[in-house]
Amino acid sequence: MLFKNMPLESDIADIVAAYKREVGLDKIASSPNKVSTAKDAIQDEISNSEAIVDNFKDEQSIHSTDGNSSEGDDRAPAVKKDTETSSSDEEDEHKPTELDEQTAIGQPKSKKEKQLMALIFGGKAELVSNLEREVKISTDSEEESVAVNDKKRRTPAWHDSDDDNDRDFPSKSQKTELRATVNRRRKNFEKLVGQPKWADLDRQREVDSDDELLKTVGHVVKGKSTELPKEIIELKRLKSLNRETKNEGEITTILFHPSSMVAVMTGMNGLVSIVAVDGTKNEKLHTIGLKKFKIACCRMTPDGNELVIGSFRKFYHIYNLITGRNDTLQLKGEGAWNMKNFEISKCGKYLAATGGFGEIHLFDARSKELLTTIQQKYCCSSLCFTPDSEYLFTHSTDNEVSVYHIEKRRFVNVFTDEGCVNGSFITICPNSRFVATGSRQGIVNIYHLEKLLKERFPVPVKTVSNLTTSIGSIAFNVNSELLAIASPDMENAVKLVHMKSGTVYRNFPIMKAGLGHVTRVQFSPGGGYLALGNREGIVTLFRVKHYQNY
């Protein structure tokens, strides 16, 4: 009998393992192919199993035949039955064979043999399910190991801090920070330079982030108040106004155009420079060179179309800023006539020039014809018109100040400048409220204009004695809130006065400011810029942050 030497149940595991190696199941389990490929291998294995079953049937029939011949006639019926079976098998040889649990290996003789056969060979469904389970387990283990390896591969071994500062490929946070920096610098530029008149001034200005930060740490942020603060003034030093020329020599005049962001500077070297005012480049627009003509004084007509350029000689030049035409006119008359010190009225009708021996010549500013000559007791050191062009104020080399009525053609008052020994400068604020006088002793007196028209000995509202040398230049800003005074006899001898409180700003100028010997001070039409010219030929430009316009 075939199953007479069948192994025991303890050896079943070894038999199954040997069977897997024989049919190639171990190769299928270790293959990384997909389940579909494993199923194809399963179908091949099923066909191989069917072939093994056929071979096993043949061997069984051979063994049965040999046993019958040796035992004798009493086994003849069995032989006949087996012969019929083999013949039937030969007839079904060309039919498709199916692997069934009952007929795969023939009929087992006992229950134990049936269990052993099912355990060793199994049926078709059991074989397929076992193979699919083994392939699935092997595939999952493969994917798990690959995922673990990929995870380990993605993790860097170390972090280089220099990669954080790589600007070739900025990150999202770096782009955000760069955008915030650009916006902050744009706001700072607007605060520094301000907006011209043609810009939209009605738009709402955003509060700077720095101001928001200052609010959280207890600082007081400047609100919307238009009042100029006292004691401390915010100024920003910009590029020199004549940075592209610097050949004017000692600066004698600084003028700002009334409607355009243009400045005019003159000097003792006979050079007139016209530049665009922006605080950063201050580009040169035009230069006028006058040979052997030391420019002592230059004035611009109120409409900003012409420049009148004077010197110590008996002729002067007129330059048209619109057409670029330059004319030279001769002074007529006897005596020491020159144009070293003159002024043009705000209405543009009159031009007054100082002469010798206390004479003052009054001209028609348009036709340049002489209207009258005014005679005063002492030589005139400085003069100015009132904003309404009704009066002419003159300061003498003595201590007297004369008030001349232009329409009446006579002096209406002559008063003594308090504390003055020798007068050097006089000017009137744009709103016709104050008159400031300077002396060679460094004293600056501030009077009410109305009192100077009547009182013989008026009392000054404020006296500024912070400078100890001769006053060479005085200037008010557009709304008469700020007063600048300067002396050319000492370095950095310049002061700013808060008119409402009468106090001098203590933070200007700073120590070692490098302003030189300041000869001229001038504010821009909107008060946003302050220009200081010195003997060294440099015009220093400051931005007054309180005023946003030009």
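The values are calculated or read from the model by the stated rules, or taken from the named source; none is laboratory data. A quick note: this is a predicted structure, and the numbers were derived from the prediction, not measured. Using ideal geometry, Cβ is built from the backbone for each residue, glycine included, and neighbour counts are taken over all protein chains shown. What goes into the accessible areas is simple: the full protein's heavy atoms, side chains included, and nothing from ligands, DNA or RNA. Shrake-Rupley method; radii C 1.70, N 1.55, O 1.52, S 1.80 Å.
Structure above, values below:
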{"read-out": "Extension gain (nm, one decimal) between residue 111 and residue 305, 0.36 nm per residue minus Cα-Cα", "value": "56.9 nm"}
{"read-out": "Computed P(r) (all Cα pairs; region 431-550; 10 Å bins; percent)", "value": "13, 45, 33, 8, 0"}
{"read-out": "Label-to-label distance, nm, for residues given as residue 190 and residue 286 (7 Å Cα→Cβ offset)", "value": "3.4"}
{"read-out": "Apportionment of accessible area to carbon and sulfur, region 472-519, percent (1.4 Å)", "value": "56"}
{"read-out": "Amide H contacts of residue 503 (H built 1.01 Å from N, under 5 Å, at least 5 apart or other chain)", "value": "498"}
{"read-out": "20 Å Cα cut-off, lysine pairs counted over region 329-412 (separation 8 or more, or different chains)", "value": "11"}
{"read-out": "Convex hull projection area averaged over all views, region 233-353, Cα basis, nm²", "value": "8.7"}
{"read-out": "Potential extension, residue 171-residue 159 segment - 0.36 nm per residue separation minus Cα distance", "value": "2.7 nm"}
{"read-out": "Violating pairs (Cα-Cα greater than 19 angstrom) within the set 191/236; 281/495; 239/291", "value": "281/495; 239/291"}
{"read-out": "Gap separating the Cα centres of region 371-408 and region 269-297, nearest whole Å", "value": "30"}
